[in-house]
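Enquirer: Before anything else, here's the structure in question.
The values are calculated or read from the model by the stated rules, or taken from the named source; none is laboratory data. Here the structure is a predicted model, which means the values were calculated and not measured. No Cβ is skipped: glycine too gets one built from the backbone with ideal geometry, and neighbour counts run over all protein chains shown. Please note that ligands, DNA and RNA were not included when accessible areas were found on the heavy atoms of the full protein model with its side chains. Shrake-Rupley method; radii C 1.70, N 1.55, O 1.52, S 1.80 Å.
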Amino acid sequence: MHDILPEDQPYFQRVAEVTANLVEFYGFKRIDPTVLENVEVFTRGIGEVTDIVEKEMYVLKTRGGDALAMRPEFTAGIARSYIEHGMCALPHPVKLYTTGPIFRAERPQAGRYRQFNQWDLEVFGEDSPAIDAQVIQVCWNILRELGLRDIIVEVNSIGDSQCRPYYKKLLMNYLRSRQNNMCADCRARLKKNPLRVLDCKEERCRKVVSNAPKIVDHLCEPCNNHFKEVLEFLDELELPYRLNHCLVRGLDYYTRTVFEIFSEGVPVKKDKEKKKEGSANEACPIETPGQIALVGGGRFDNLIKMLGGKDTPACGAASGIERLVNLMKTQGVRPTKPLLPQVFLAQIGILAKRKSLRLFEEFRKSRIRVVESLGRDSLKAQLGRAQKAEVRYALILGQQEALDGTVIIRDMGVGRQETVKLERAVEEMKKRLKK
Ligand code: HAM
């Protein structure tokens, strides 16, 4: 877990601004689901045999004996809220977004925190593949608008309850005879969640899955058509993507389209290796320790029903804001400069301090960006701070000025000073700052 220090705030603010502006343009409305949820929202929503539910949730017991989880993601909580507040009665699609802290008791490593922030967007009530493509496009646009370069989308389809069970069996048969070459975790996954073997990072498991049957070759017709259309939309949008048949995602609620966006530090397989596997466009990239996903998402057509609502198709995505900020820093992307203060208010003595408190409020009401200095520093020290703050003017309220009801305006550029009536100070500054 980590604190977000003042020097990092402009980065986080920039991500928040860009995200809100963009998603609102696409018709998303903000929602803030609760931080704590009944633990069942996640066990039922994300799935009992997923890493998040099995190992990573912070769960606490209330005095009344309820088990509450600190949200390990937004999707299930937003789906719970959609049902609880009868949003199924709204005109569809219902597009919602949020940002905020997420909690996962993960093994800490680079880019992986136990408390981190996500922006998240969800679309409810629309099963068109155009929505899948639009969700990917919005995520892509946010990263591009932030100024991030060299990013790539990876997509796959994991089918639905019609075709996935058959594929699971095929995969299990294939993996069972090779389990001696797999890691202990994958041997356990084989029984409970064989799809997760596909995205294991262990080198020996990657070797095993490189020749495993691919789910895209075993989709039922509706899933196949859906996926084809998603890819056609992405082509139309000219979004650079690659197929990754090992992309399955770590949450059980997904159906059909799944996707992630990576920074292009990702090693792409050499042509020779690709050819051995078939299509040149198709890859099962080997993750290096430095490779981390910036965005993850997909379609989840069964979640609302699983949580007790009506059958409602849905699609969404989320991104780790710390990862975006880290990449902005690595790529030298500066957040926009915060607006600099325009005026520095220096004062000497109790009476001047009292008057400058009032003057400060008047500046605030007139929307002039002013910094004050209410400590006991000498005038020299205060003017030194004004210099550092790069203000155009310093106002000096000394003991004499406080008694006379005046104030000195100092032009910091040329060092010229002029005394004006205290009640004229704000108007005078307005006039000068306009020049
Ligand atoms: P997720 O892939 O678990 O998906 O997380 C989304 C993003 O959150 C990741 O791509 C990554 O950028 C960031 N992230 C995940 N874990 C950490 C961590 N420990 N530290 C820092 N960043 C992290 C979801 O959360 C789904 N709810 C996304 C979704 C929305 N699917 C449909 N709608």
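Enquirer: Per-residue HN-Hα couplings for segment 194-208, Karplus 6.51 cos²θ - 1.76 cosθ + 1.60 at θ = phi - 60°, whole Hz, x for Gly and Pro?
Expert: Computed from phi, the couplings for segment 194-208 are x, 4, 5, 4, 4, 10, 5, 8, 5, 4, 5, 6, 4, 5, 4 Hz.
Enquirer: Across 10 Å bins from 0, what is the distribution of all Cα-Cα pair distances for segment 171-274, in whole percents?
Expert: Whole-percent P(r) values from 0 Å outward: 12, 40, 36, 11, 1.
Enquirer: Do the alpha carbons of any pairs in Lys95/Lys434; Lys388/Lys435; Lys207/Lys310; Lys95/Lys201; Lys95/Lys228; Lys61/Lys310 sit beyond 32 Å of each other, and which pairs?
Expert: Over 32 Å apart, Cα to Cα: Lys95/Lys434; Lys207/Lys310; Lys95/Lys201.
Enquirer: For segment 43-179, which semi-axes, largest first and in whole Å, follow from the square roots of 5 times the eigenvalues of its Cα gyration tensor?
Expert: With the √(5λ) rule applied to segment 43-179, the semi-axes are 25, 25, 21 Å.
Enquirer: Please compute P(r) over all alpha-carbon pairs of segment 277-435, binned at 5 Å starting from zero, and give each bin as a whole-number percent.
Expert: 2, 7, 12, 13, 11, 6, 5, 6, 5, 6, 6, 7, 6, 5, 2, 1, 0, 0
Enquirer: 5 Å is the cut-off here: which amide hydrogens, built 1.01 Å from N in the peptide plane, fall below it relative to Tyr393, excluding neighbours closer than 5 in sequence?
Expert: Residues meeting the amide H criterion: Phe344, Met412.
Enquirer: Further, regarding this structure: Show that you can apply the helix-only estimate: for the chain, add -39,500 (n - 2.57) for every DSSP H stretch of four or more residues, divide by all residues, and state [θ] at 222 nm to the nearest 500.
Expert: The helix contribution divided over the chain gives -11000 deg cm²/dmol.
Enquirer: In segment 234-265, which GluC sites (Glu not before Pro) fall in coil by DSSP and have 14 or fewer other Cβ atoms within 10 Å?
Expert: Answer in residue order: Glu238, Glu264.
Enquirer: Just grab the label-to-label distance for Ser177 and Glu54, each label 7 Å out from Cα along the Cβ direction, in nm (one decimal).
Expert: 2.6
Enquirer: For a label point 7 angstrom out from the Cα of Thr62 toward its Cβ, which stretches of segment 77-93 have the backbone nitrogen within less than 18 Å?
Expert: 77-78, 80-81, 84-85
Enquirer: If you don't mind, there's one more thing I want to ask. Heads up, I need the accessible area for Glu229: 1.4 angstrom probe, whole protein in place, Å², nearest 10.
Expert: Taking all protein chains as shown, Glu229 has close to 80 Å².
Enquirer: Heads up, I need the accessible area for Trp140: 1.4 angstrom probe, whole protein in place, Å², nearest 10.
Expert: 30
Enquirer: At q = 0.19, 0.26 Å⁻¹, work out log10 I(q)/I(0) for segment 343-434 with the Debye formula, treating every Cα as an identical point scatterer and leaving solvent out; two decimals please.
Expert: Each listed q corresponds, in turn, to -0.80, -1.63.
Enquirer: Still on this structure: If you stretched the chain out fully between Gln387 and Glu418, how much longer would it get, using 0.36 nm times the residue separation minus the C-alpha to C-alpha distance?
Expert: 9.4 nm
Enquirer: Looking at segment 340-391, I'd like the Rg to Rh ratio, where Rg is from alpha-carbon atoms and Rh is Kirkwood's inverse mean 1/r.
Expert: Details: Rg = 10.7 Å, Rh = 11.2 Å.
With Rg and the Kirkwood Rh in hand, the quotient comes to 0.96.
Enquirer: Then there is this: Straight-line reach from Lys329: which aspartates and glutamates have Cα under 16 Å away, leaving out those fewer than 8 places along the same chain?
Expert: List returned: Glu7, Asp8, Glu145, Asp150, Glu264.
Enquirer: How much accessible area per residue does the chain have, in Å², with a 1.4 Å probe?
Expert: Per-residue value: 50 Å².
Enquirer: From largest accessible area down, sort Arg178, Arg323, Arg358; use a 1.4 Å probe on the protein chains.
Expert: Ranking Arg178, Arg323, Arg358 by accessible area, largest first, yields Arg358, Arg178, Arg323.
Enquirer: With the full set of protein chains in place, find how many percent of the accessible area of the chain is carbon and sulfur; take the probe as 1.4 Å.
Expert: Percent of accessible area from carbon and sulfur atoms in the chain: 49.
Enquirer: Taking every eigenvalue of the Cα gyration tensor of the chain, multiplying by 5 and rooting it, what semi-axes result, largest first, whole Å? Intermediate results must be reported in sequence, preceding the final value.
Expert: Details: eigenvalues 599, 110, 87 Å².
They are 55, 23, 21 Å, listed from largest to smallest.
Enquirer: I would also like to ask the following. Determine, from the Cβ-Cβ distance of Gln162 and Glu428 and an R0 of 51 Å, the FRET efficiency 1/(1 + (r/R0)^6), rounded to the nearest 0.05.
Expert: 0.10
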